[in-house]
Amino acid sequence: MFRSFGIGLAALISGLMFAAGSPAATTHAIIVGVTQTADPGIQPRVNAEADAQALHDLLMKPEYRGVPAENMHLFLGKEDVARKAQPATKEKILAGVKEVVAKAAKDDLVIIAFFGRGAISADRTCFFTSDSTVKDRAQNALATADLEQEFQAFKGDKLVAFIDVNYKGIDPGKEKLLEPNPLDFIRVFVGSEDKEEHTLPQGRVVYIANANISPAVEVEGHGLFAHALLAGLKGAADVEGYEPDGLVTVDEMDTYLDKTLPELARKYGKTNDEKIIAPFDWGGKLNHFAITENPAVMPKVKARLAKLRETTLPDEQKAEGERLLSKMTHLKADQELRKLYQKLADGDVTVATFQSARDDNFAGRKLPAEDAQTFAKKTMDGILIVKSGYVKDVELGDLTASAIKGMYKKLEEKMPAEVKEKLENVKELKRQGAEALLADVRSRLGKREDLEGNKDVDTALGMMMLTLDYPYTIYIDEEAKKKSEIDFRGRFIGIGIQIRRDLVRDGLLVVSPIKGSPAYKAGLKAGDLITEIVTDMDAKGKPLGHTEAVSTKGMKTEDAIKRILGRPNTPITVKVEREGVAQPFTVEIKRNQVNVETVLGARRNADDSWDFMLDPKEKIGYIRLTQFTDKSSGDMEAAVKALAAQGVRGVVLDLRFNPGGLLDAAVEITDLFIDDGKIVGIKPRSGREREFGGQHEGSYLGFPLVCLVNGESASGSEIVSAALQDHKRAIIIGERSFGKGSVQTIHQFRPADAEIKMTTATFWRPNGKNLNKPSTSGSPNEDWGVRPDEGFELKLERPEKITLIERMRDQEIIPNRDLPAKEKTEFKDRQLEMGLEYLKSQIRTAVKPGLKKAG
């Protein structure tokens, strides 16, 4: 036999269609709905309680989920004796959460749902309970921080949360109500990590009805989200594979809601604000467990299972059939085998015919030995790169085991007993034995689409990297590598536009062309709506043999990006609608390298270049650096030279929201502003510390400098700001930086056309103090990050921060100068204003103001 799914006969007889684990697994639910609170200043959330009641009724029905009555916790703002609802107060809800967290076993499913209104309380989002008031919400509303604390003790493997909380309709009186963050609910169930690449806890899925702060829309007696959710859970979402399989899974629900909610919003929304709905999920695409059964299909599935048990098949094959008939698989060979089991159960084939066809099916999956060995060698090459370069000592056997365990986990396959046994002695493995084990595992998994090409290596090394306990260490596969070209190097092959979905017109909106890009040169403008993408080549530049025109209606932004990116000098045509132009028109563009602007100024000139002089009267310059790429230092020097030519007397260097980038770029930019001396120290796992220093020649020293940082200034931003502070070259203004004091080295992994990014060292500021927050307990009193200079710390409130981000993004846009400029509301950047006031005071007291270039 080629392989066995390893499901015992007891699972066959259990009849539990949700058994993705122990047959004893059960379901717990917490459903909260509040229409009217105790405060008339909080507008009723129409149908919130009806939404909660409908979800309760659906989950209680055996044909959908059959949640046991003792495990169902329904909380409503009004009395509902028939459903045994409890009052939706903060205390009652938290008590219910504590009970579920304590009772839920590892294999149980926990379903959470909130319908109602919310707001910000202190610095976290809260949910208005039945006894909540705006004034006293810190005491009587349910804070996400309270929920997060309770769920820290949750040990279950499967949790799904549906959050439909609206933040409009609140009268705060004289209080200034801050903007809430709907994503605070993600932290409740997933947790919070100070990591660039946040790794999801397995089995946690959260659906947010609308990431935008927009009005609620009601549809046929329910909120829009509940309307779609209920339909999906009843079976409308059961669409994966060649036919419905009788189960609605979290990934199917993710696809269904993502498609259906915007369609419903456009249909039922009365205003543009109501039509713009942005559903958001966390973990939906990465998990595959069932939420409900589809009663339109499940009776037939159960009948086939009963027929299967009556056959003369061996128990192992009955278990295999149980697995395939119970849940749709995404693998083509498994789907074909599933069809065979269906025919056998339906009496359309004999056992002998079935066995012959099954043998053929498994014969077609057999992987050639050389392919398994190639996989093993490539994977071992990656393992050795990590072993030799990672910041901590790691054993080859442990890395091999992590890769193997990760593959079975990602593929949702049961690990064979023989493989488990070999992994018990994995520490004793040398390279040859480890490669043999990897080849054996790959042979057992056989031919399958999700392991084609280099996907097997990607899966093994990607899952292995997730087990390393140091942040920022990841495997970057070929597809993700294209994005990393932008993140790490500030360049990519494409046409050079920033796009987002226009949810009202259902198309791709050009936010801005990138200066100098093919799209910029071809005449695409901000505000253009791309309605169609036409090409006769695939993303790798290979001819399709025909012209393919694809509408952008319903197209996700990431899918559009995949179509737009491609090989250099390959053509693509886009159909465009433009304000002020009567008819749609087409634009042909040739893909080429696009360099992302990382050095920005105060405003754009008429030719779309940057004007770096913020205050012409006082001669104060402004330079904002968005990331550190291989072009950043050259562009930074050009900006400083441009200011020098204008007689600059003071400069603001804005590093807020700059996540870092290339080490060399950070060192070179620092060297522009300081005299000679140490810039940063690099400490590897072993060996001596390596110092990077500056040179006197070429430094710009003759003007006062302000450096702006905040909690999103990380890595390279902290190298620059720490050096400027330690050399007393600049005053640091703003908020404490992120605290990422580690060096990531990107190794080109050519065997899979991928990259391995791993932490190889830590960096230290010139005064020898620590910058790396993960190296500490994270206490505010410890040394990590860069603190503003004394008297210059200025924290922005959340609304200010959000507005600042929006202003910075707007500033980057190359405007369509054929249209009237959009009016902007007044906004005062208090951190920038503090910097300007400091520079003006320095200019006034300077004896000989001006610019001096060393050397």
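The values are calculated or read from the model by the stated rules, or taken from the named source; none is laboratory data. Everything numeric here is computed off the predicted structure, so don't read it as measured data. Using ideal geometry, Cβ is built from the backbone for each residue, glycine included, and neighbour counts are taken over all protein chains shown. Only protein heavy atoms, including side chains, enter the accessible area calculation; ligands, DNA and RNA are left aside. Shrake-Rupley method; radii C 1.70, N 1.55, O 1.52, S 1.80 Å.
Suppose the filter is assigned to a loop (DSSP other than H, G, I, E, B), in contact (Cβ under 8 Å) with a residue 60 or more places away in the chain and farther than 26 Å from residue 387 by Cβ; does residue 778 pass it?
Details: assigned to a loop (DSSP other than H, G, I, E, B): yes; in contact (Cβ under 8 Å) with a residue 60 or more places away in the chain: yes; farther than 26 Å from residue 387 by Cβ: yes.
Spelling it out, residue 778 is indeed assigned to a loop (DSSP other than H, G, I, E, B), in contact (Cβ under 8 Å) with a residue 60 or more places away in the chain and farther than 26 Å from residue 387 by Cβ.
Counting residues that are more than 14 Å from residue 515 (Cα to Cα) and open to solvent by 80 Å² or more (accessible area, probe 1.4 Å), which strands (runs of 3 or more DSSP E) fully inside the stretch 566-610 reach at least 2? Step through it out loud before you land on a result.
Working: elements: 571-577, 585-590, 592-595.
Correct list: 585-590.
Residue pairs, Cβ under 6 Å, 6 or more apart or interchain, first in the stretch 313-331 and closer than 18 Å to residue 246 by Cβ, second open to solvent by less than 10 Å² (accessible area, probe 1.4 Å) and modelled with pLDDT under 95. List them.
Pairs that qualify, where the first residue is closer than 18 Å to residue 246 by Cβ and the partner is open to solvent by less than 10 Å² (accessible area, probe 1.4 Å) and modelled with pLDDT under 95, are 322/12.
Being out of contact with any strand residue (DSSP E or B) (no Cβ under 8 Å at 6 or more places or on another chain) and assigned to a loop (DSSP other than H, G, I, E, B) narrows it down to one of 826, 806, 800, so name that one.
On the way: 806 fails: assigned to a loop (DSSP other than H, G, I, E, B); 800 fails: assigned to a loop (DSSP other than H, G, I, E, B).
After ruling out the rest, the residue left standing is 826.
Sort through 531, 459 and tell me the only one that's of a type in the set (Ser, Thr, Tyr), open to solvent by less than 40 Å² (accessible area, probe 1.4 Å), closer than 30 Å to residue 360 by Cβ and in contact (Cβ under 8 Å) with a residue 12 or more places away in the chain.
Values: 531 fails: closer than 30 Å to residue 360 by Cβ.
Selected residue: 459, the only one of 531, 459 that is of a type in the set (Ser, Thr, Tyr), open to solvent by less than 40 Å² (accessible area, probe 1.4 Å), closer than 30 Å to residue 360 by Cβ and in contact (Cβ under 8 Å) with a residue 12 or more places away in the chain.
Please enumerate the residues belonging to the stretch 240-250 that are in contact with a helix residue (DSSP H, G or I) (Cβ under 9 Å, 6 or more places away or on another chain) and open to solvent by 30 Å² or more (accessible area, probe 1.4 Å).
Filtering the stretch 240-250 down to residues in contact with a helix residue (DSSP H, G or I) (Cβ under 9 Å, 6 or more places away or on another chain) leaves 240-242, 244-248, 250.
Hits for the stretch 240-250 are 240, 241, 242, 244.
Conditions (1) touching a residue at least 24 places away in the same chain (Cβ under 8 Å); (2) in contact with a strand residue (DSSP E or B) (Cβ under 8 Å, 6 or more places away or on another chain), marked per residue:
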site	(1), (2)
662	yes, yes
683	yes, yes
688	no, no
694	yes, yes
697	yes, no
700	yes, yes
704	yes, yes
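For residue 19, only one of the following conditions fails: (1) surrounded by fewer than 17 Cβ atoms within 10 Å (Cβ to Cβ); (2) at pLDDT below 95; (3) not charged (D, E, K, R). What is its number?
(1)
Quick grid of which residues meet (1) modelled with pLDDT of 90 or more; (2) over 20 Å from residue 54 (Cα atoms); (3) in a loop (DSSP other than H, G, I, E, B); (4) of a type in the set (Gly, Ala, Ser):
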| position | (1), (2), (3), (4) |
| --- | --- |
| 227 | yes, no, no, no |
| 238 | yes, no, yes, no |
| 241 | yes, yes, yes, yes |
| 295 | yes, no, yes, no |
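Determine whether the stretch 708-715 contains at least one residue that is of a type in the set (Ser, Thr, Tyr), part of a loop (DSSP other than H, G, I, E, B), under 20 Å from residue 832 (Cβ atoms) and modelled with pLDDT of 90 or more.
Yes.
Only one of (1) at pLDDT below 90; (2) open to solvent by 60 Å² or more (accessible area, probe 1.4 Å) is not met by residue 515, so which one is it?
In the conditions (1) at pLDDT below 90; (2) open to solvent by 60 Å² or more (accessible area, probe 1.4 Å), residue 515 misses (1) alone.
Could you tell me which residue of the stretch 80-93 is most open to solvent (accessible area, probe 1.4 Å), considering only residues that are part of a helix (DSSP H, G or I) and in contact with a Leu (Cβ under 7 Å, 6 or more places away or on another chain)? Steps first, please.
Taking the stretch 80-93 and keeping what is part of a helix (DSSP H, G or I), we get 90-93.
From what's left, in contact with a Leu (Cβ under 7 Å, 6 or more places away or on another chain): 90, 93.
On the way: 90: 31, 93: 0 Å².
Of everything passing the filter in the stretch 80-93, 90 is most open to solvent (accessible area, probe 1.4 Å).
What pairs can you find where one residue is in the stretch 151-180 and farther than 24 Å from residue 281 by Cβ and β-branched (Val, Ile, Thr), the other is assigned to a loop (DSSP other than H, G, I, E, B) and open to solvent by 20 Å² or more (accessible area, probe 1.4 Å), and their Cβ atoms are less than 7 Å apart, with a gap of 6+ or different chains?
Cβ pairs passing all conditions: 170/177.
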